[in-house]
Amino acid sequence: MNKLLATLIATLVTGAAFAQASAPATPAVVKAEAKAEKAVAAAVKSEAKVEAKADAKVEKAEVKAAEEKTKAVTKSADTKAKAKADVAKADPEDKAKATAKAEKAGANADAKADKTAIKADAKVETVKTNAAADKSVAKVETIAVKAEAKADVKAAGSK
């Protein structure tokens, strides 16, 4: 308990000494700090806006890709069903030929659906990469604004 109390008193004394040691804020410093806070707030708001926009683009791309995949799988299933129906209608002597044709049509339909899925996923990855780049650029711009604001306040204090 004594150590805790001693630490608190030491912190209080050090804080008070530091507060007295700092120079009084001049009007130029106050003005520079206000300007800096405004610039930083604008940069943070802009960064948040860019992030939200990028996330929305990614979400939209994912939804579109899912729709494209579903459409491709449905089309593949329809093609296979149609081919099986043709096999069922075929004459007994033409069944082997119709079955081979149906299998070929089914394989082609599956391949086309797979290609569509791969392309849709690639588009989503591209959008995700671009979104990450946009977010990174926004973050760097915010950091730059913060650094510039800090430098402006420091320069105003040295005048």
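Quick check, is K97 part of a helix (DSSP H, G or I) and either surrounded by 14 or more Cβ atoms within 10 Å (Cβ to Cβ) or modelled with pLDDT of 95 or more (or both)?
The answer is no for K97.
Within the stretch 37-69, the residues that satisfy the criterion of being surrounded by 14 or more Cβ atoms within 10 Å (Cβ to Cβ) and either of a type outside the set (D, E, K, R) or in contact with a Pro (Cβ under 6 Å, 6 or more places away or on another chain) (or both) are A39, V40, A43, V44, S46, V50, A54, V58, A61, A65.
The values are calculated or read from the model by the stated rules, or taken from the named source; none is laboratory data. Nothing here was measured: the structure is a model prediction, and the numbers come from that model. Note: ideal-geometry Cβ built from the backbone for every residue, glycine included; neighbour counts use all protein chains shown.
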